[in-house]
Structures are given as structure tokens and as C-alpha cells.
Amino acid sequence: MKVSLLGVGLLALTSTIGFAQAAPAPMQRHAATINQRREHQQQRIGQGIRTGRLNARQGGRLERREASIGRQERHMRAADGGRLNHFDRVRLNHRLNHTSRAIYRAKHRSSRQ
């Protein structure tokens, strides 16, 4: 009986330690998600220009929107000691959603003209 209780206790302890080590810090996870989205959108714009789906004017307009989001993120981080709070992330994700739709529409609109 003592052996089985000891085994269960050890199993619970090791699984708890493993879980604690595997979980990323919440602020890092959110910051990476926003940065990954911005990087992916930059790649989509570049790919659209390279393939001719976006012309220079469309690409420039979308690049300026991305740069504006980057500036806003920098200002938000500076105001909160290098971190983004929940409301900052919501606002940035909202703008990223709108820009993502604009990229899609611009890439697909140019093929209809």
C-alpha cells in the first residue's frame, strides 16, 4: 500500500513539474503571435508583388498600413514597460485582421481588372 501511494505521489509530482516547465510565459506567447502575424502579412504582400497580383501602388499602401501597426505596437510597448496588456493586444489584432482582409482583397481584386 505504501509503495503504491509513493508511486502515485511521484507520478503526480513529475507530471506537475513537467507541465510547469512546458508552459510558456503568457506575455511572450501573445507578443510572438502578434509578431508572427505581422511577419506573415509582410510575406503575403511580398509574394503578391513578386507574382504580379499586387502592383507597386497597392503594395506600398499595404506596407504603410503594416508600418503604422508596427509603430502603434512600439508606442504601446513603450507605455507599458515593454509589454502589451490585454486591450493593446485586442486593438492590434483588430488592425491586423483588417489589414489581412485588405491584403486578400487587393490580391484578388487585381485579377478581375
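Only the coordinates and a few stated rules stand behind these numbers; no lab work does. Note that the structure is predicted; figures quoted are calculated from it, not measured. Here the Cβ positions follow ideal geometry from the backbone for every residue, glycine too, while neighbour counts run over all protein chains shown.
Taking the empirical scaling 2.2 N^0.38 Å for compact globular proteins as reference, region 29-113 has a Cα radius of gyration ratio of 1.17. Using the Cβ-Cβ distance between HIS75 and GLN43 with R0 set to 35 Å, the FRET efficiency from 1/(1 + (r/R0)^6) comes to roughly 0.90.
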